[in-house]
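**Q** I'd like to ask you about the structure that follows.
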Amino acid sequence: MNIKHRRKVMPRRPAKVTQADLARAIRAAKEAGASAVSVGPDGVIRIILTGAAPTNPTTGLDEIWIPSEALQRYLKSTESG
């Protein structure tokens with residue numbers, strides 16, 4: 001069998017976002033109470049939080065904000081280096 005025309009196969013480029021990345025982002029978003037998760041064409045994962053009524057701090061402006069455990073896990077998983 002003589003094949004004259006063969007297609008050149010180009011190697012696939014690495015994915016900008018993997019399925020595992022999406023699964024982690026969705027899990028973290030659910031735990032944080034987010035309303036949606038979107039992925040842009042540039043590979044950036046955006047987590048849209050639900051709108052909540054603003055709260056007035058009871059202790060004043062010296063209150064320290066601590067991120068939720070879900071957000072801490074997400075931020076730790078996205079650290080580079």
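Read the figures in this text as sums done on the coordinates, not as results from a lab. Keep in mind that what you see is a predicted model, and the values were worked out from it rather than measured. Note that we place each Cβ from the backbone using ideal geometry, even for glycine, and neighbour counts take in every protein chain shown.
**Q** In sequence order, what are the phi-derived ³J(HN,Hα) couplings for the range 36-48 according to the Karplus relation 6.51 cos²θ - 1.76 cosθ + 1.60 with θ = phi - 60°, rounded to whole Hz, with x for glycine and proline?
**A** The phi angles translate into 7, 10, 10, 10, x, x, 8, x, 7, 8, 10, 10, 9 Hz.
**Q** Starting from the amide H of residue 37, placed 1.01 Å from N in the peptide plane, find each other amide H under 5 Å away whose residue is 5 or more places distant or on another chain.
**A** 48
**Q** Suppose each label sits 7 Å from its Cα in the direction of the beta carbon; what would the residue 78-residue 39 distance come out to in nanometres?
**A** Reported label-point gap for residue 78 and residue 39 is 1.5 nm.
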